[in-house]
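Notes follow once the structure below has been shown.
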Amino acid sequence: MYDAPNREMKVDQKTTKISARGVQVYYGDTHAIKDVDVDIEDRTVTAFIGPSGCGKSTFLRCLNRMNDTIDVCRVKGEIKLDGEDIYDKRVDPVQLRAKVGMVFQKPNPFPKSIYDNVAYGPRIHGLARDKADLDEIVERALRRGAIWNEVKDRLDAPGTGLSGGQQQRLCIARAVATEPEVLLMDEPCSALDPIATAQVEELIDELRESYSVVIVTHSMQQAARVSQKTAFFHLGNLVEFGETGQIFTNPQDSRTESYITGRIG
Ligand SMILES: Nc1ncnc2c1ncn2[C@@H]1O[C@H](COP(=O)(O)OP(=O)(O)OP(=O)(O)O)[C@@H](O)[C@H]1O
Ligand SMILES: [Mg+2]
C-alpha cells in the first residue's frame, strides 16, 4: 500500500538569517540608505530591485561589510547574522566574508589557474587537510558552480581564459568553495548572454536549497523568475518588501507600482 508522506513534516520552516534594523549609510554628506529594516530568510532567494542609484548595491555591501573598504562610507544601525552583530569589534571582516560570500556584476577571476581560483579561499581559511582534500573541495565547488564538466580537463589553464559566462560560474564556484551561509550577488548576469544567464539562474535556484541568496537585479523578469522575496528600494528607502508574487501583482505602494509598470526607473 502506498504510504502518503506526512505533509506536516515537510513544511519548510524558514528562519531569519540576517536581520537589519535602522540601517543608515552615508558617503560623506550623501545619505544613501535611510533607516532600513529587513529580515532576510534562510534558504530563500531575495531580490533587491529599484531604479539606478537607489542604494541596492550599497545596502548589499552592508551585509558583508564590503563598505568597510570605501573610505568615505559610514554605516549605522544594526545588522545581525544568526543573531550576532556583524559590526561588533570582535568580528573579523575576512572571516565574515567567507560566511557571507559575494559575486560581482563583472566576472573577476584572479589571474591564476582555474584550480587556484577556487582553492584560494579554502587555502587561506585552512579548510583542507591535505592536497587530496583540497582537490575534493575544488571539484565539489566547481560542480556546484555548474562548470565542472567544462573545465575538469583544464584545471591548470588560466581562469581569465574562459568565456564571460564560464568566468561568472567560476566566480560563483569560488564563492561557494568556502561553504558560505549567505551568497550576495550584485547583478550577476548583466555581462552574460541569455544562455549563460539561464544557467546562472538555474544555479541560483539550486543554491537556495543550502544558502540564503540575495540578488540585485535590474531585470524584473529575472527577479520574478528566481526570487521568493522582493525588496523595492527608492531614493535610499526600502519602500516595500514581501512575497515576490505579491510585489509584482499587487504592490501596496504607488512607487513600487510605478516602477514595476515601467513609469519610473
Ligand atoms: N563609493 C561611493 N562614493 C560616493 N557615493 C557613492 C559611492 N557608491 C555609491 N554612492 C552613491 O550612493 C547612492 C546609491 O548608490 P548605489 O550604487 O548603492 O545604487 P544602486 O541602486 O546599486 O544603483 P545601480 O542600479 O546604478 O547599480 C548613489 O547616490 C551613489 O551615487
Ligand atoms: Mg548597483
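Expressed as a rounded percentage, what relative contact order does the chain have, with Cα pairs under 8 Å and six or more residues apart?
Value for the chain: 26 percent.
At R0 = 35 Å, how high is the FRET efficiency between T15 and H125 if r is their beta carbon distance? Nearest 0.05 is fine.
It comes to 0.90.
Go through K229, K99 and list them by solvent-accessible area, largest first, probe radius 1.4 Å.
These residues rank, largest area first, as K99, K229.
Does anything in segment 59-78 have its amide N under 20 Å from the 7 Å Cα→Cβ label point of T30, and if so which residues?
59-77
Taking the chain as a Gaussian network, Cα atoms linked when under 10 Å apart, which of P180, P111, P122 shows the biggest mean-square fluctuation?
Maximum fluctuation in the GNM of the chain, among the listed residues, is at P111.
If you average 1/r over all unlike Cα pairs in segment 1-149 and invert the result, what Kirkwood radius do you get in angstrom?
18.4
Let me check I've understood the local charge: for Q166, count other residues with C-beta under 13 angstrom from its C-beta, Lys and Arg +1, Asp and Glu -1. What total comes out?
Working: positive: K152, R154, R169, R174; negative: E150, D193.
Its environment carries a net charge of +2.
Can you give me the C-alpha center-to-center distance between segment 82-159 and segment 22-75, rounded to a whole angstrom?
Distance between centres, Cα-based: 24 Å.
Please identify, among A191, A177, A132, the residue showing maximal mean-square fluctuation in a Gaussian network model of the chain using a 10 angstrom Cα cutoff.
Among A191, A177, A132, the largest mean-square fluctuation in the Gaussian network model of the chain belongs to A132.
With the Cα gyration tensor of the chain in hand, convert its eigenvalues to equivalent ellipsoid semi-axes via √(5λ) and list them largest first in whole Å.
Over the Cα atoms of the chain, the semi-axes work out to 30, 23, 20 Å.
The values are calculated or read from the model by the stated rules, or taken from the named source; none is laboratory data. These numbers were taken from a predicted model, which means no experiment stands behind them. Please note: Cβ atoms are built from the backbone with ideal geometry, for glycine as well, and neighbour counts cover all protein chains shown. Surface areas here come from the heavy atoms of the whole protein model, side chains and all, with no ligands, DNA or RNA. Shrake-Rupley method; radii C 1.70, N 1.55, O 1.52, S 1.80 Å.
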